[in-house]
Amino acid sequence: MKLIPVTLVRHPIGLFGMWLATVGALLFLLFFAFDLFGFVSNPYLGILFFLILPGIFIVGLLLVPLGAWLDRRAIRQGRASAFVQWPVWDLNDPHMRRVAAFILSATFVNVIVVSLAAYRGVEYMDSVDFCGQVCHRVMIPEFTAYQEGSHARVTCVQCHIGAGASWFVKSKLSGTRQVFAVTLNTYPRPIPSPVENLRPARETCEQCHWPEKFTGDRVKVIREYASDEANTESTTTLRVHVGGAQPRSRPHGIHWHIANRITYVTTDRKRQTIPSVSVQAADGKVTVYRVEGVSEAQLAQGETRTMDCMDCHNRPSHPYAASAERAIDDELAAGVMPKTLPFIRRQAVELVKARYPSQETALVAIEAGLRKFYQENHPQVYAERRGEVDRAVAATKQAYSRNVFPMMNVTWGTYVNNMGHAAFPGCTRCHDDNHKSPDGKVIRQDCELCHEMVQ
């Protein structure tokens, strides 16, 4: 029987794998060069060229040895007219040297391609475009809020993942589950805030912020407007006691909560119901404050958590207006919406609070509603001050489109914000005069603990 040395690629699967790897590598390298020089901006192309193409390339490489194995098995089973004899690697043979040089060169190129693909693929999956725009429908609300927030220049992964391999792996495992949810259309609407899976604030927020720094007091001005013809403005000025965890004298102000070790038990997923709070003083003494009537069984079923920045600053990068009134007041206070148009505050609030089947429908209805109101009730204003009406229309539509997303069931007040206590319980989850210690002390609902009115 004639002995035939095995070839590198002979089986159709191996040939197809070689073709697939070659095409995948060439397309990836071409796109990588375009991306390197800034010619690519579409996030969906990133999925194709940084995730799918490298996958195709790797599958092609795996098909080559699979084809060789299938070919060898067929010969052994007598389905081919030759018996495999593996080649002897004699580098004195010029042909064998050329084969070895080809294999080494191809291996080197493959390693380079796989390394570039892995690096760029991970970098792409960590980008804001990938997080906010790829799963477009799902993430529209959070991405919109992120762009309007104070952390718009901080990438998503800096807060949601942070440094280190362990949290990177956790995030990718969680991301895989989310990909299936999007693919199968089983994701919840609205998307719940991921309070259980957030990395501790000391490992993320405090890499930039320093809560121990003594800050002192800050002045905050809150402007609100009446629903009368003049859109009458009222102003509340507060001196907020921010303080610091290590001030010149002793911890005080809002950041007193950081200077002391505070743990609490919450019995609901959003951490809005807090029946028990424990405070450890500097001398190590622990005082427990509980709401009357709560049982040990209820506490055992709850979540015990050490208080950190995120318990108050729970939406630092994805802020929404707490109410339609607050959103329109902000537009008026910023001067984006003209204050001089009669009843503009009342009409704008009424229109943005209405229910619409989609955001597109809402924006059309808001514009039509405002223009109709001024055309019918204030025709002279509409005729002489059309520019102001146009500005009001744009501001009202902007207030709505930033905060309400019908397709995801996100509307006014959907997401709780624990900063303050005007729209949501916030501070009063604990500061309610109902949390009492065994010796009769209470967590006071005293406004001047955190701020005072400025005349």
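Residue-level analysis places Thr287 outside the set of residues that are touching a residue at least 12 places away in the same chain (Cβ under 8 Å) and touching a Gly at 6+ places or on another chain (Cβ under 7 Å).
Restricted to region 164-184, and to residues there that are of a type in the set (S, T, N, Q) and over 16 Å from the mean Cα position of the chain (by Cα), the residue that is farthest from Arg137 (Cα to Cα) is Ser166.
For every residue, the table says whether it meets (1) surrounded by 13 or more Cβ atoms within 10 Å (Cβ to Cβ); (2) at positive phi; (3) of a type in the set (Ser, Thr, Tyr).
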| site | (1), (2), (3) |
| --- | --- |
| Ser276 | yes, no, yes |
| Asp283 | no, no, no |
| Ser295 | no, no, yes |
| Thr304 | no, no, yes |
| Met310 | yes, no, no |
| Pro316 | yes, no, no |
| Pro319 | yes, no, no |
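Here the condition is being more than 29 Å from Leu449 (Cβ to Cβ) and not β-branched (Val, Ile, Thr); of Gly162, Gly216, it holds for Gly162 alone. Taking each residue of region 255-267 that is in contact (Cβ under 8 Å) with a residue 12 or more places away in the chain and looking for partners that are of a type in the set (Lys, Arg) and in a strand (DSSP E or B) with beta-carbon atoms closer than 8 Å, six or more apart or interchain, yields Thr263/Arg305; Tyr264/Arg305; Val265/Arg305; Thr266/Arg305.
Assess whether Val442 counts as being closer than 28 Å to Gly244 by Cβ, at pLDDT below 95 and either loosely packed, with under 15 Cβ neighbours inside 10 Å or of a type in the set (Asp, Glu) (or both).
yes
Could you tell me whether region 167-175 includes any residue that is at positive phi, in contact with an Asp or Glu (Cβ under 9 Å, 6 or more places away or on another chain) and not assigned by TED's automatic domain parsing to the domain that holds His257? Checked against the condition, which is being at positive phi, in contact with an Asp or Glu (Cβ under 9 Å, 6 or more places away or on another chain) and not assigned by TED's automatic domain parsing to the domain that holds His257, region 167-175 yields no hits at all. Could you go through region 253-264 and let me know if any residue there is small (Gly, Ala, Ser), in contact with a strand residue (DSSP E or B) (Cβ under 6 Å, 6 or more places away or on another chain) and modelled with pLDDT under 90. Taking every residue of region 253-264 in turn, at least one turns out to be small (Gly, Ala, Ser), in contact with a strand residue (DSSP E or B) (Cβ under 6 Å, 6 or more places away or on another chain) and modelled with pLDDT under 90.
When Val242 is tested against (1) surrounded by 15 or more Cβ atoms within 10 Å (Cβ to Cβ); (2) touching a Gly at 6+ places or on another chain (Cβ under 9 Å); (3) under 30 Å from Met139 (Cα atoms), just one condition goes unmet, and that condition is (3).
Of all the listed residues (Ala399, Ala395, Ala383), the sole one being surrounded by fewer than 19 Cβ atoms within 10 Å (Cβ to Cβ) and small (Gly, Ala, Ser) is Ala383.
Of all residues in region 338-347, which are among the polar types (S, T, N, Q) and either surrounded by 17 or more Cβ atoms within 10 Å (Cβ to Cβ) or in contact with a Pro (Cβ under 8 Å, 6 or more places away or on another chain) (or both)? Gln347 - this is the single residue of region 338-347 that is among the polar types (S, T, N, Q) and either surrounded by 17 or more Cβ atoms within 10 Å (Cβ to Cβ) or in contact with a Pro (Cβ under 8 Å, 6 or more places away or on another chain) (or both). A single entry from Ser174, Ser227 fulfils the requirement of being over 25 Å from His313 (Cα atoms) and surrounded by 11 or more Cβ atoms within 10 Å (Cβ to Cβ): Ser227.
The condition of being on the phi < 0 side of the Ramachandran plot, in contact with a Phe, Trp or Tyr (Cβ under 7 Å, 6 or more places away or on another chain) and surrounded by 15 or more Cβ atoms within 10 Å (Cβ to Cβ) does not hold for Ser127. Meeting the requirement of 2 or more residues that are in contact with a Pro (Cβ under 7 Å, 6 or more places away or on another chain), closer than 30 Å to Thr263 by Cβ and not assigned by TED's automatic domain parsing to the domain that holds Ser234, no helices (runs of 4 or more DSSP H) wholly within region 348-455 can be named.
For region 303-332, the set of residues classified as charged (D, E, K, R) and either in contact with a strand residue (DSSP E or B) (Cβ under 9 Å, 6 or more places away or on another chain) or more than 15 Å from Ile222 (Cα to Cα) (or both) consists of Glu303, Arg305, Asp308, Asp311, Arg315, Glu325, Arg326, Asp329, Asp330, listed by residue number. Restricted to region 244-344, the set of helices (runs of 4 or more DSSP H) holding at least 1 residues that are touching a helix residue (DSSP H, G or I) at 6+ places or on another chain (Cβ under 8 Å) comprises 256-259, 324-333.
The values are calculated or read from the model by the stated rules, or taken from the named source; none is laboratory data. Computed from a predicted model, the values in this text were never measured in an experiment. So basically every Cβ, Gly included, is an ideal-geometry build from the backbone, and we count neighbours across all protein chains shown.
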